[in-house]
Each structure stands twice: as C-alpha cells, then as structure tokens.
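So the structure is just underneath, and the comments pick up after that.
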2 protein chains.
Amino acid sequence: MKQKKINIGLFGFGTVGKGLYDVLQRIQPQNVKIVSVCVEDITKKRDADIPFTNRADDIFNNKDINFIVELINDAEAAYKIVKRALVAGIPVVSGNKRMLAYHIMELIKLQEQYNTPLLYDASACGSIPVIRNLEEYYDNDLLISIKGILNGSSNFILSKIFNEGMNYDDSLRLAQELGFAESNPTFDIEGWDSLFKLIIITVHAFGVYVPPKDVLNVGIGHMNSYDIQFANEKGRRIKLVGSAEKMDDKLVLSVMPQLISRQKYIYSVEDEFNGVVIKGLFYYKQFMFGQGAGGHPTGSAVLSDITAQLYDYKYEYKKLNSRQHPHYTTDITFRIYFRFTNEEDQSLLDFESTSERYLSANYKYVVGDISLAQLIEKVDMLREKDVFIAAYPHD
Amino acid sequence: MKQKKINIGLFGFGTVGKGLYDVLQRIQPQNVKIVSVCVEDITKKRDADIPFTNRADDIFNNKDINFIVELINDAEAAYKIVKRALVAGIPVVSGNKRMLAYHIMELIKLQEQYNTPLLYDASACGSIPVIRNLEEYYDNDLLISIKGILNGSSNFILSKIFNEGMNYDDSLRLAQELGFAESNPTFDIEGWDSLFKLIIITVHAFGVYVPPKDVLNVGIGHMNSYDIQFANEKGRRIKLVGSAEKMDDKLVLSVMPQLISRQKYIYSVEDEFNGVVIKGLFYYKQFMFGQGAGGHPTGSAVLSDITAQLYDYKYEYKKLNSRQHPHYTTDITFRIYFRFTNEEDQSLLDFESTSERYLSANYKYVVGDISLAQLIEKVDMLREKDVFIAAYPHD
C-alpha cells in the first residue's frame with residue numbers, strides 16, 4: 001500500500017466543488033484532504049469547515065498543497081490556473097469542459113513538457129467514466145462511433161416534454177428549480193455543453209482535435225409544440241445528441257437535436273441522465289448510462305480523478321500518438337427535419353433533395369437531405385430565425 | 001510512442017481464440033501478432049494461417065514468444081498454463097472464469113512474487129470492461145452494489161421465452177443453433193458461469209474473495225410454464241441475476257433467478273447481452289451494457305487486455321490492499337417465490353414468514369421470507385427436486 005498523500009488546493013466552491021467537499025466529508029479518506037479553497041467572493045457564507053481565500057497565490061504558495069483541483073465556471077481563469085499548476089509541476093484535475101475544448105492540445109503538450117498529469121474525466125458526462133474507457137479500453141482500431149446524450153439539463157427538459165406532456169417553459173423552470181439548469185440556460189440548451197464534451201471525447205476516442213467553431217452545434221431552444229407533435233406522430237422523441245462517427249478514414253462530428261426512434265438505446269435515457277453508445281467493429285454496441293450532472297455524482301467523479309493520482313495514473317493519449325487518424329470532414333449529407341414559420345425562410349437552406357414538404361398557416365416544414373458543410377455555414381444565421389432543425393435518421 | 005512488440009503464444013482456438021485471430025487479421029496491428037497456437041487436437045482442420053502445435057513446451061520454449069494468451073475450456077489445464085507463464089515471468093491474459101474463480105488469490109500472489117501481470121477483463125461480461133472500471137474508476141469507498149445479467153446464453157433463452165412466448169426447450173435449441181449455448185448448457189443455464197464471474201468481480205469491487213462453494217447459486221433449468229405465467233401475471237420477467245451488495249460492513253452475494261419489475265434497468269437487457277448496474281453512494285446508478293458472449297466481442301475484449309500490456313498496465317488490486325473490507329455474510333433474509341410440484345416438497349424450506357400460498361393439482365407455490373444461509377445449505381438437495389426458486393424483491 002502506497003503512503004502517498006494528496007493535499008488539495010481547490011479552486012471554486014459551486015455545485016461540484018461543494019459536491020466534492022461533501023463526498024470527502026462522508027468517506028473521510030486517510031490520504032486525500034482539501035487544504036484550502038480559493039473562491040471569488042470570500043464574504044459569502046459557506047457551510048464548510050476549511051480555510052477560504054480569494055487569492056490564487058495563497059494556494060500556489062502553500063507548501064502543504066501538492067495537488068490542484070479546478071472547478072470554476074470562468075474558462076479563461078480556469079485555463080490560467082491549470083497552466084500555472086502544470087508549469088509548477090503540480091498535478092491537476094479540471095472539470096471545465098469549455099476551457100478544455102479550446103486549450104486541450106496546449107495542455108497536452110504542457111503535461112509532457114513538465115511531466116505533470118492533468119485529469120478531467122469528470123468534465124465529460126459527470127459520473128460516467130467515458131474518457132478513461134476510451135483511453136484505456138477501447139484503444140485499438142475497432143472503434144466506429146460514439147454517440148450520446150451528453151447534457152443532463154437539456155435532456156431533463158426534453159424528458160418532461162415527451163414523457164409528461166409538459167410545455168417547454170414549464171419544464172425549463174422545473175429544471176432550474178431542481179438545480180439542473182442554470183439561471184442562464186444557454187450553455188446547456190443551445191448545445192455548447194454537449195459540444196465541448198464532444199470535442200474532448202473525440203480527442204480520446206479518435207485522436208483527432210477539432211476546434212469547437214468547426215463543428216455543427218444546434219440546440220433545442222427553438223423547438224416548439226409543432227415539432228414535438230411531429231416527433232410524437234412519428235413515434236419518436238427529440239433528443240439532443242452529440243455524435244462522433246468514423247466513416248472509412250473520415251470523421252464526422254455534430255451536436256444537434258435528433259428524432260430518435262424507440263428501438264435506440266438513447267430513446268430511453270431520461271431526466272438528467274446521460275447515456276453514451278460506443279460502437280465497435282467487433283463488439284456491436286456498448287451502452288454506458290449514468291447521472292451526468294449534479295454536485296454529488298460529479299463530485300465523486302472528480303474524486304476518482306484525484307485518487308487515480310495515488311497510483312500515478314495519467315492519460316497516455318494513445319490515439320493522438322498513433323500513426324493513423326481519420327480526417328475530419330463536413331462533406332457528408334444527412335436527412336433533416338426543417339421547420340420554419342415564415343414562408344420565405346424555406347429558401348434559407350439548399351436541400352440536395354426533399355422527401356416531404358408541408359405548408360399550413362402556422363406550421364411549415366421540409367424533410368430532406370442536406371450537407372453538413374452547409375448547415376455549419378448557416379447555423380449562426382439560423383439562430384436568429386424562427387426555425388428548428390433536427391436530424392431525422394432513416395433507421 | 002513505445003516500440004514494444006507483443007508476440008503471442010496462444011492456447012486454445014475455440015470460439016474466443018478464433019475470435020481473437022479474426023480481430024487481429026482484420027486490424028493488422030504492427031505491434032501485436034500470434035506466433036503460434038497450442039491446441040489439443042492438431043489434426044483438426046482450421047481456417048488460420050499460423051503454426052499449430054499440441055505441446056505446451058513448444059510455446060514456452062519459443063524464444064520469439066513474449067506473451068501468453070490462454071483461451072481454453074479446461075480449467076485445470078488453464079491454471080497450469082497461467083501459473084507456468086507467471087513463474088516464467090511472461091505476461092499472460094486469461095479468459096477462463098472457472099479457473100480464476102478458484103485460483104485468483106494464488107494467482108494474485110504469483111503476479112506480485114514474479115512481478116508479472118495477469119489480465120482477465122475478457123473473462124467477465126465479454127466486451128463490457130467491468131473489471132477495469134471497478135479497479136480504476138470505482139475505486140473509492142462509495143460503491144454499494146453490483147448487480148447484473150452476467151451470462152448471455154441463459155439471458156438469450158429467457159428473452160425468447162418472455163418476449164416471444166417461446167417455450168424453454170425451443171429457446172434452448174435456438175441458443176445452441178446460434179452458438180450462444182454449448183451442447184451441454186449446464187454451465188450457463190445452472191448459473192455456474194454467472195457465479196464464477198461474480199466471484200472475480202467481487203474481488204475487484206469490494207476486495208473480498210469468497211470461494212464459489214460458499215455462494216448461493218441457483219439456475220433456471222427447473223423453470224416451467226407456471227413460473228413463466230406467474231412472472232407475466234405480476235408484470236415481471238425472470239432474469240438470472242448475479243449480485244454483490246454491501247450492507248453496512250457486510251457483503252451479500254448470490255446468483256439466482258429474480259422476478260424483475262419493469263422499471264429496473266436489467267428488465268430490458270435482452271438476448272445474448274449482459275448488463276451490469278453499479279450503484280454508489282453519490283452517483284446513484286450507472287448501467288453498462290454490451291455483448292457478453294460470442295467470439296468477436298470477446299476476442300476484441302481479449303485484445304484490449306493484450307494491448308494494455310503495451311503500456312505496462314496491471315491490476316493494482318486496490319481494494320484487496322485497502323485497510324477495510326466488508327465481511328461476507330449469509331445471515332440475511334429475502335423474499336422468494338418457491339414453486340413445487342409434489343405437496344410434500346412444501347416442507348423442504350423453513351420460511352420465516354409467508355405472504356402467499358397457492359395449491360392446486362398441478363401448480364403449487366409459496367411466497368415468503370427465508371434466510372440466505374438456509375438456501376445455500378439446501379441448494380444441492382433442491383437441484384434434485386422438481387422445484388423452482390426465484391428472488392421476488394418487494395420494489
């Protein structure tokens with residue numbers, strides 16, 4: 001039994017930071033403790049018996065601290081903390097998916113340069129160990145795709161709509177009341193959270209980094225009651241899906257609402273849960289399912305990242321280092337459902353072909369094939385319009 | 001990028017051995033190859049372009065071989081091969097769950113003594129990386145229970161019965177035709193396969209080894225149409241479930257048929273799939289689901305064990321080495337459904353209390369509470385009788 005002790009300097013004491021504190025209080029491990037916590041507002045009353053500071057230097061200059069855990073919201077501040085820790089040779093765990101999605105390649109280099117590990121399993125899918133499994137287990141060339149529900153808040157809202165017939169506004173309000181959605185829910189609802197997780201996952205799954213701006217990201221904020229009705233009539237549910245799929249030597253990425261049929265595993269992923277389907281050449285499909293949000297599930301995932309350090313675990317980035325990678329492409333066509341309210345918006349998208357077209361006073365839609373490249377090009381413009389887009393797979 | 005090369009001496013070329021060969025043929029890795037295969041019957045025609053031998057010495061004395069993969073059925077022969085490899089300092093992968101369930105503690109000591117790794121993720125749940133996740137990720141004190149469908153063949157049969165109304169004999173025959181069940185299906189049907197997996201999983205989940213003979217093992221071989229009808233009337237399905245559950249500082253293990261209600265995750269695990277529910281104090285439930293049998297899924301799991309060696313991975317047996325373990329107990333009561341055909345068999349079991357009792361000419365049953373210790377004591381005797389037992393949880 002190794003005698004290594006982890007003395008944590010913690011940045012941030014929001015939902016996840018407090019969750020980590022609670023988990024440690026409950027299990028009282030002998031070799032892991034929080035020494036000090038750095039927060040923005042030190043005057044705020046907090047229910048925790050540990051020293052708080054508002055100066056990062058107090059953490060980095062504390063000789064008792066040999067480990068940094070970064071759980072703050074501000075991505076740029078998180079980047080500075082993680083970078084400073086790596087350069088100082090202090091192992092660090094981060095939960096900031098936005099920061100990682102933008103800076104992961106530089107942070108990988110810094111890990112190597114300073115021989116210091118950065119772990120971040122907790123950043124993608126909360127309590128489900130997706131990154132570690134992609135890194136350690138699905139590490140041969142058999143991986144075909146990874147698709148799933150990567151955001152708990154938006155899935156909670158969609159579940160209430162499709163299972164309980166709630167309307168969008170009420171379900172969003174309920175999600176906020178229960179702490180699953182922020183007061184500004186854009187990050188979850190508009191797909192950004194899913195997108196950042198997908199970027200991180202893709203590095204570990206396929207060894208390919210694609211900047212967030214190059215990937216299609218469509219959220220569920222524009223969905224209306226006609227869209228819900230359309231899905232119900234087809235026996236499908238709308239889910240917000242992140243997808244990374246290898247096709248020959250090409251790689252296709254997207255985050256968008258999808259009309260999911262009943263026989264798909266992710267059809268049944270409900271409430272604030274996340275579910276990921278990993279498809280391989282020889283093992284058909286694997287499905288991992290668990291709580292993707294919340295202080296305690298994510299806090300215990302952070303603790304798994306921390307205790308991995310007791311055994312000197314680090315990501316090997318096996319796929320990044322392998323000789324062959326698929327090439328990211330947007331030159332691919334898929335079928336979408338495109339709903340618009342104003343008739344002139346029909347011409348916003350150039351379909352390669354259409355199979356359905358419906359026009360009435362209040363509800364108009366087209367089902368047709370369109371290229372991913374075109375959707376990416378037009379997605380910012382579409383966000384300004386009263387339109388809704390969802391993938392509508394043939395299956 | 002490390003330049004380590006793995007040159008395999010393979011024992012066994014049955015379903016999984018051939019599966020591994022196929023997977024390697026398909027992906028053609030640069031640093032993994034099969035050098036030679038040892039089989040019992042060297043005269044049998046095999047569709048593979050590699051040297052075969054029937055002498056273990058040819059493998060162990062081959063200087064080109066630096067890795068042993070053991071995929072044979074005979075548990076005692078497998079034990080000798082694995083032991084010999086470890087003593088010789090050759091890393092080894094085994095898929096033999098029966099052998100591991102009996103010899104795991106000695107093999108752990110040998111790994112340490114000879115500083116040589118033995119990996120066997122493929123032995124439990126085929127393509128689902130259960131052991132590695134328990135070892136690496138769920139490694140703090142938060143784990144409460146692991147329950148699941150650990151055997152694909154029996155689950156295939158139960159699925160055909162409950163989903164398609166097939167009878168037992170037809171569904172067994174179909175399972176055999178499709179290669180999911182052996183010509184002698186006792187190993188799968190009577191729970192042994194699930195039991196051995198549960199023993200291995202428990203070592204990694206809770207750091208506790210319990211010999212197979214001390215654990216309740218009841219199969220589905222005695223199930224008849226009345227039992228199926230009973231389950232259907234209650235809106236439940238019969239599933240063969242392996243369970244390891246911590247209750248305070250106690251640990252309860254069992255393999256037995258269970259009447260599973262619709263809201264449980266494992267209710268929907270169908271056909272030859274395995275599904276494992278991991279429950280923790282802070283992350284509620286996680287569910288892992290995938291193909292648990294078949295040459296290609298298991299072959300690719302074996303390959304994951306092999307390639308882990310490229311990065312010097314070994315099990316740390318963190319929980320075995322930790323300071324506290326739960327104590328295995330059989331002093332626990334649970335509700336069962338007990339069906340018997342001959343009225344005198346009613347007195348075979350002493351129930352602490354009964355809540356239902358039904359007697360007719362052809363069908364008789366009792367629902368009641370009984371101790372695990374008594375079931376273990378009487379299970380061998382019950383196998384000789386025309387009776388069926390299933391756990392009937394209250395949920």
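Among the residues of the range B:13-36, is any out of contact with any strand residue (DSSP E or B) (no Cβ under 9 Å at 6 or more places or on another chain) and over 27 Å from residue A:322 (Cα atoms)? Within the range B:13-36 (the criterion being out of contact with any strand residue (DSSP E or B) (no Cβ under 9 Å at 6 or more places or on another chain) and over 27 Å from residue A:322 (Cα atoms)), the answer is yes, since at least one residue qualifies. Scan (1) within 10 Å of chain B (Cβ to nearest Cβ); (2) surrounded by fewer than 19 Cβ atoms within 10 Å (Cβ to Cβ) for the single condition residue A:325 breaks and write down its number. It fails just one condition, (1). Among strands (runs of 3 or more DSSP E) entirely within the range A:230-320, having at least 2 residues that are within 30 Å of residue A:364 (Cα to Cα) and more than 10 Å from every other protein chain (Cβ to nearest Cβ) singles out A:236-247, A:250-261. Within the range A:210-223, does at least one residue satisfy the condition of being farther than 20 Å from residue A:381 by Cα and either buried (at least 18 other Cβ atoms within 10 Å of the Cβ) or within 16 Å of the chain's Cα centre (by Cα) (or both)? Checked against the condition, which is being farther than 20 Å from residue A:381 by Cα and either buried (at least 18 other Cβ atoms within 10 Å of the Cβ) or within 16 Å of the chain's Cα centre (by Cα) (or both), the range A:210-223 yields at least one hit. Counting residues in the range B:265-274 that are over 30 Å from residue B:27 (Cα atoms) and more than 21 Å from the chain's Cα centre (by Cα) gives zero. No other residue among A:59, A:34, A:68 is assigned to a helix (DSSP H, G or I) and more than 27 Å from residue A:214 (Cα to Cα) apart from A:59. If you check B:133, B:184 for being under 23 Å from residue B:296 (Cα atoms) and within 14 Å of chain A (Cβ to nearest Cβ), only one passes: B:133.
Of all residues in the range B:1-43, those being within 22 Å of residue B:120 (Cβ to Cβ), modelled with pLDDT under 90 and aliphatic (A, V, I, L, M) number 1.
Is one or more of the residues making up the range B:108-116 touching a helix residue (DSSP H, G or I) at 6+ places or on another chain (Cβ under 8 Å), buried (at least 17 other Cβ atoms within 10 Å of the Cβ) and either among the aromatic types (Phe, Trp, Tyr) or within 14 Å of another protein chain (Cβ to nearest Cβ) (or both)? Looking for residues that are touching a helix residue (DSSP H, G or I) at 6+ places or on another chain (Cβ under 8 Å), buried (at least 17 other Cβ atoms within 10 Å of the Cβ) and either among the aromatic types (Phe, Trp, Tyr) or within 14 Å of another protein chain (Cβ to nearest Cβ) (or both), one finds none in the range B:108-116, hence no. Being within 28 Å of residue A:283 (Cβ to Cβ), crowded, with 22+ Cβ neighbours inside 10 Å and assigned by the TED database to the domain that holds residue B:238 is the requirement here; does residue B:150 meet it? In short, yes.
Provide a single number: the residues in the range A:196-229 that are assigned to a loop (DSSP other than H, G, I, E, B), of a type outside the set (Gly, Ala, Ser) and farther than 18 Å from residue A:102 by Cα. Even if it seems obvious, please write down each step before you answer.
Step one: of the range A:196-229, the residues assigned to a loop (DSSP other than H, G, I, E, B) are A:207-211, A:215, A:218-224.
Filter again for of a type outside the set (Gly, Ala, Ser), leaving A:208-211, A:215, A:218, A:220, A:222-224.
The next check asks that each one be farther than 18 Å from residue A:102 by Cα; those that pass are A:218, A:220, A:222-224.
Within the range A:196-229, residues that are assigned to a loop (DSSP other than H, G, I, E, B), of a type outside the set (Gly, Ala, Ser) and farther than 18 Å from residue A:102 by Cα number 5.
Here residue B:300 passes the criteria (1) in contact with a Phe, Trp or Tyr (Cβ under 7 Å, 6 or more places away or on another chain); (2) surrounded by 24 or more Cβ atoms within 10 Å (Cβ to Cβ); (3) farther than 28 Å from residue B:10 by Cα except the one numbered (3). Scanning the range B:181-199 for residues that are surrounded by fewer than 24 Cβ atoms within 10 Å (Cβ to Cβ) and of a type outside the set (Ser, Thr, Tyr) yields B:182, B:184, B:185, B:187, B:190, B:192. Residue by residue through the range A:53-78, note down the ones that are closer than 26 Å to residue A:43 by Cβ and of a type outside the set (A, V, I, L, M, F, W, C). A:53, A:54, A:55, A:57, A:58, A:61, A:62, A:64, A:70, A:73, A:74, A:76, listed by residue number.
Per the listing A:71, A:119, A:100, the residue uniquely within 14 Å of chain B (Cβ to nearest Cβ), modelled with pLDDT of 95 or more, within 22 Å of the chain's Cα centre (by Cα) and surrounded by 19 or more Cβ atoms within 10 Å (Cβ to Cβ) is A:119. Look at the range A:21-47: where a residue is under 16 Å from residue A:11 (Cβ atoms) and more than 14 Å from chain B (Cβ to nearest Cβ) and a partner is of a type in the set (Ser, Thr, Tyr) and part of a helix (DSSP H, G or I), sitting 6+ places away or on another chain with Cβ atoms under 7 Å, you get A:34/A:21. When the range A:228-248 is limited to residues that are more than 18 Å from residue A:201 (Cα to Cα) and surrounded by fewer than 18 Cβ atoms within 10 Å (Cβ to Cβ), the one that is farthest from the chain's Cα centre (by Cα) turns out to be A:233.
Okay, residues lined up against (1) touching a residue at least 12 places away in the same chain (Cβ under 8 Å); (2) touching a helix residue (DSSP H, G or I) at 6+ places or on another chain (Cβ under 9 Å):
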site: A:323; (1), (2): no, no
site: A:340; (1), (2): yes, yes
site: A:346; (1), (2): yes, no
site: A:357; (1), (2): no, yes
site: A:372; (1), (2): yes, no
site: A:388; (1), (2): yes, yes
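Here residue B:179 meets the list (1) outside any loop (DSSP other than H, G, I, E, B); (2) touching a Gly at 6+ places or on another chain (Cβ under 8 Å) almost entirely, failing just condition (1). For the criterion of being surrounded by 24 or more Cβ atoms within 10 Å (Cβ to Cβ), touching a Pro at 6+ places or on another chain (Cβ under 9 Å), modelled with pLDDT of 90 or more and of a type outside the set (Asp, Glu), residue A:157 passes. Checking every residue in the range A:260-278 against the condition of being basic (Lys, Arg) and either crowded, with 22+ Cβ neighbours inside 10 Å or modelled with pLDDT of 95 or more (or both) gives zero matches.
In this structure, is residue B:127 more than 14 Å from chain A (Cβ to nearest Cβ) and of a type outside the set (Phe, Trp, Tyr)? Answer is no for this residue. Here the range B:1-20 is the region considered, the condition is being more than 14 Å from chain A (Cβ to nearest Cβ) and in a loop (DSSP other than H, G, I, E, B), and the residue that is nearest to residue A:318 (Cα to Cα) is B:5. The residue that is farthest from residue B:330 (Cα to Cα), among those in the range B:363-388 that are over 26 Å from the mean Cα position of the chain (by Cα) and hydroxyl-bearing (Ser, Thr, Tyr), is B:363.
Does residue A:365 qualify as being in a strand (DSSP E or B), among the hydroxyl-bearing types (Ser, Thr, Tyr), surrounded by 14 or more Cβ atoms within 10 Å (Cβ to Cβ) and touching a helix residue (DSSP H, G or I) at 6+ places or on another chain (Cβ under 8 Å)? Spelling it out, residue A:365 is indeed in a strand (DSSP E or B), among the hydroxyl-bearing types (Ser, Thr, Tyr), surrounded by 14 or more Cβ atoms within 10 Å (Cβ to Cβ) and touching a helix residue (DSSP H, G or I) at 6+ places or on another chain (Cβ under 8 Å). Checked against (1) farther than 22 Å from residue A:253 by Cα; (2) more than 14 Å from chain B (Cβ to nearest Cβ); (3) in contact with a helix residue (DSSP H, G or I) (Cβ under 6 Å, 6 or more places away or on another chain), residue A:85 passes all but a single condition, namely (3).
Being touching a residue at least 60 places away in the same chain (Cβ under 8 Å) and touching a strand residue (DSSP E or B) at 6+ places or on another chain (Cβ under 8 Å) holds for only one residue in B:311, B:283, B:267, and it is B:283.
The values are calculated or read from the model by the stated rules, or taken from the named source; none is laboratory data. In this text, all values refer to a predicted model and were calculated from it rather than measured experimentally. Cβ: placed from backbone, ideal geometry, glycine included. Neighbour counts: every protein chain shown.
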